[in-house]
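Participant: This is the structure, below, for whatever I ask next.
The values are calculated or read from the model by the stated rules, or taken from the named source; none is laboratory data. Here the structure is a predicted model, which means the values were calculated and not measured. Here the Cβ is made from the backbone with ideal geometry for all residues, glycine too, and neighbour counts use every protein chain on show. The protein model used for the area step is the full one, side chains on, heavy atoms only, and it has no ligands, DNA or RNA in it. Shrake-Rupley method; radii C 1.70, N 1.55, O 1.52, S 1.80 Å.
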Amino acid sequence: MAKIFIDGEHGTTGLQIRSRLAERTDIEIISIPEEERRNTALREEFLREADIAILCLPDDGAKEAVSMLGVSSTTRIIDTSTAHRVDPDWVYGFAESDPERPEQIASARFVSNPGCYSTGAIGILKPLVDAALLPADYPVSINAVSGYTGGGKQLIAQMEDESRPDYLGAPHFLYGLTLAHKHVPEMKIRSGLQRTPLFSPSVGRFAQGMAVQVPLHLADLDGSPSLRSVHEALAEHYRGQNIVAVVDLDESMAIQRLDPTSLNGKDTMNIYVFGSEGGEHVNVVAVLDNLGKGASGAAVQNMDLMLGITPVD
Ligand SMILES: NC(=O)C1=CN([C@@H]2O[C@H](COP(=O)(O)OP(=O)(O)OC[C@H]3O[C@@H](n4cnc5c(N)ncnc54)[C@H](OP(=O)(O)O)[C@@H]3O)[C@@H](O)[C@H]2O)C=CC1
Ligand SMILES: CC(=O)N[C@@H](CCC(=O)OP(=O)(O)O)C(=O)O
């Protein structure tokens, strides 16, 4: 039976992976006690013992775990941090990106789990670049709102604990205001863009959930496609899998308000195409749970692919 070690299992992403694996009898979880979570010697022992280590640590902790294992170890790694997401030696673990990706993940030693915002943005942008609709030098803007668990234990405490001196009382705040968020290189490279996208993130006073919007000028896309052509390209890309759904165009057209928490607790993502027939613009929006397809759900999906396990519904 494959041994799984979640390094950082007592953090936000780690706990969610743990709960997804709680009922599984086809794998063995090797678990570090919470009070020993920063015991480097014990972590190294568990990292070496595991068949797959899932790193749920900040970037520096993830890099440290990889270097502790060294090249001779056979432990396979899924890293949920940003540390290896544009590293060419790591397989980017977005299984729905292209037809070859599930097999590449299945045979990889090193898999980098996509970021939460990046899953929404790349999930919209890459299929449009691949379909030769979105020019790689298009000046893309990405606007997003995340639930506050996206900021891990630190932001959760700041949003929930009113007694803290750094308590954040805002119902919604913008950040990344200089457009230099750490996810930008990942979004650019993994979407196949040549021009750096403008990314404007924000956080709302809700724990989980996320909406990522990419508004586009139809006339500046290759071939000036219609709204329906953009929808069809996305629907075609995601045909034949059950994680990313491209919502029916007429159904999308009827939506007036979109709730970023609508997929909470699920490991799937919805993509909506908005606009008016014959209009100038298309607004493509992804909704996901930042801790589902945006992190822990995707990590479990990648683990199953690496173990050759087909999940049962
Ligand atoms: N939250 C989210 O929505 C998403 C998070 N991610 C990524 O997942 C990773 C983990 O994030 P998240 O779960 O939110 O963070 P948390 O801060 O909630 O949890 C991190 C955990 O790792 C522990 N830890 C930190 N540094 C070390 C270290 N050097 N050695 C051992 N343990 C350590 C922390 O312990 P302690 O309590 O002592 O600090 C904590 O238990 C990050 O890289 C993040 O970018 C990815 C996608 C979405
Ligand atoms: C709301 C919030 O603070 N979000 C985090 C990103 C979430 C995260 O941890 O980043 P990854 O998904 O790439 O790992 C941030 O902006 O830094």
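Participant: Take the alpha carbon atoms of the range 4-55, find their center, do the same for the range 58-91, and report the distance between the two centers in whole angstrom.
Facilitator: Going from one Cα centre to the other spans 15 Å.
Participant: For the range 197-278, which GluC sites (Glu not before Pro) pass both filters: DSSP loop (anything but H, G, I, E, B) and at most 11 other C-beta atoms within 10 Å?
Facilitator: Details: sites: Glu232, Glu236, Glu251, Glu277; in loops: Glu277.
Those that pass, being in a loop and sparsely packed, are Glu277.
Participant: Taking loop as defined by DSSP and a crowding limit of 13 other beta carbons within 10 Å, which chymotrypsin sites (Phe, Trp or Tyr not before Pro) in the range 1-93 fit? Can you show the working numbers first?
Facilitator: Working: sites: Phe5, Phe46, Trp90, Tyr92; in loops: Trp90.
Sparse-neighbourhood loop chymotrypsin sites (Phe, Trp or Tyr not before Pro): none present.
Participant: Where nothing but the Cβ of Lys and Arg (+1) and of Asp and Glu (-1) is charged, how large is the charge dipole of the chain around its Cα centre, in debye to the nearest 20?
Facilitator: Details: 26 positive and 43 negative charges, 80 e Å.
That gives the chain a dipole magnitude of about 380 debye.
Participant: Counting only C-alpha contacts under 8 Å and six or more residues apart, can you give the relative contact order of the chain as a whole percent?
Facilitator: Working: 642 pairs, mean separation 58.8, N = 313.
Relative contact order of the chain: 19 percent.
Participant: Take the residue pairs Lys126/Lys182; Lys63/Lys188; Lys63/Lys126; Lys182/Lys293 and return only those whose Cα atoms are more than 24 Å apart. Don't jump to the answer; show the numbers that get you there.
Facilitator: Details: Lys126/Lys182 19 Å; Lys63/Lys188 22 Å; Lys63/Lys126 27 Å; Lys182/Lys293 19 Å.
Over 24 Å Cα-Cα: Lys63/Lys126.
Participant: Please name which of Asn242, Leu288, Pro99 has its Cα lying farthest along the dipole of the chain towards the positive end, using unit charges on Cβ (Lys, Arg +1; Asp, Glu -1) and the Cα centre as origin.
Facilitator: So the residue furthest toward the plus end is Leu288.
Participant: Report the charge-dipole magnitude of the range 116-292 in Debye, nearest 20, computed about the Cα centre from +1 at each Lys and Arg Cβ and -1 at each Asp and Glu Cβ.
Facilitator: Values: 12 positive and 19 negative charges, 98 e Å.
In total the dipole reaches around 460 debye.
Participant: What net charge is computed for the residues neighbouring Asp98, neighbours being all others with C-beta under 12 Å from the C-beta of Asp98, Lys and Arg scored +1, Asp and Glu -1? Working shown, then result.
Facilitator: On the way: positive: Arg101, Lys126, Arg190; negative: Glu96, Glu100, Glu103, Asp130.
Net charge in that neighbourhood comes out at -1.
Participant: Kindly provide the helix-only [θ] at 222 nm of the chain, computed as the sum of -39,500 (n - 2.57) over DSSP H runs of four or more divided by all residues, to the nearest 500 deg cm²/dmol? Don't skip to the answer; put the middle values down first.
Facilitator: On the way: 10 runs with 96 residues, N = 313.
Roughly -9000 deg cm²/dmol at 222 nm, from the helical runs in the chain.
Participant: Rule-of-thumb check for the chain: C-alpha Rg over 2.2 N^0.38 Å?
Facilitator: 1.00
Participant: Would you look at the GNM of the chain, springs on alpha carbons closer than 10 Å, and say which of Asp289, Asp59, Asp250 moves the most?
Facilitator: Comparing Asp289, Asp59, Asp250 in the GNM, the peak value goes to Asp250.
Participant: Here is a follow-up. Taking the chain as a Gaussian network, where each spring joins two C-alpha atoms under 10 Å apart, which residue of Glu280, Glu35, Glu186 fluctuates the most?
Facilitator: With Cα springs under 10 Å in the chain, the top fluctuation among Glu280, Glu35, Glu186 is at Glu35.
Participant: Note down the accessible area of Thr25, probe 1.4 Å, to the nearest 10 Å².
Facilitator: Estimated to the nearest 10 Å², Thr25 gives 120 Å².
Participant: What length, rounded to one decimal in nm, is gained on full extension from Thr74 through to Asp98, with 0.36 nm per residue of separation minus their alpha-carbon distance? If you can, show how the numbers build up before the last one.
Facilitator: Details: separation 24, 0.36 × 24 = 8.64 nm, distance 2.69 nm.
Full extension from Thr74 to Asp98 adds 5.9 nm.
Participant: Counting other Cβ atoms within 10 Å, which trypsin sites (Lys or Arg not before Pro) in the range 237-277 have at most 11 and lie in a DSSP loop? Don't skip to the answer; put the middle values down first.
Facilitator: On the way: sites: Arg239, Arg257, Lys266; in loops: Arg239, Arg257, Lys266.
Hits after loop and neighbour filter: Arg239, Arg257.
Participant: Let me ask something else. Which listed residue (Ala2, Pro197, Pro165) has the Cα farthest towards the positive end of the charge dipole for the chain, taking +1 on Lys and Arg C-beta and -1 on Asp and Glu C-beta about the Cα centre?
Facilitator: Working it through, the farthest residue towards the positive pole turns out to be Pro165.
Participant: Roughly how many Å is it from the Cα centre of the range 226-274 to that of the range 152-188, as a whole number?
Facilitator: Taking the Cα centre of each part, the range 226-274 and the range 152-188 sit 27 Å apart.
Participant: Can you name the helices of the chain, as whole DSSP H runs, whose Cα span along the helix axis is 18 Å or more and whose Kyte-Doolittle mean is not below 0.5? Don't skip to the end; give the middle numbers.
Facilitator: Details: long enough: 116-130 (21 Å, 0.83).
Qualifying helices, which must be both long enough and hydrophobic enough, are 116-130.
Participant: Where is the GNM fluctuation largest for the chain (alpha-carbon springs, 10 angstrom cutoff): Gly115, Gly147, Gly61?
Facilitator: The residue that fluctuates most here is Gly61.
Participant: Take the Cβ-Cβ distance between Glu236 and Glu36 as r, set R0 to 45 Å, and report the resulting FRET efficiency rounded to the nearest 0.05.
Facilitator: Values: r = 49 Å, r/R0 = 1.09.
After rounding to 0.05, the efficiency reads 0.35.
Participant: Summarise the accessible area of the chain (1.4 Å probe, protein heavy atoms) by the percent that is carbon and sulfur.
Facilitator: 51
Participant: Using a cut-off of 15 Å between alpha-carbon atoms, which aspartates and glutamates can reach Lys266, once sequence neighbours fewer than 8 places away in the same chain are excluded?
Facilitator: Straight-distance partners of Lys266: Asp289, Asp313.
Participant: Determine the relative contact order of the range 116-292: mean sequence separation of Cα pairs under 8 Å and six or more apart, normalised by residue count, in whole percent. List each step's numbers first, then the result.
Facilitator: On the way: 367 pairs, mean separation 51.4, N = 177.
Here the relative contact order equals 29 percent.
Participant: Rolling a 1.4 angstrom probe over the protein heavy atoms, how many square angstrom per residue are accessible across the chain? Walk me through the numbers before you get to the answer.
Facilitator: On the way: 14080 Å² over 313 residues.
Counting only protein heavy atoms, the per-residue value for the chain is 45 Å².
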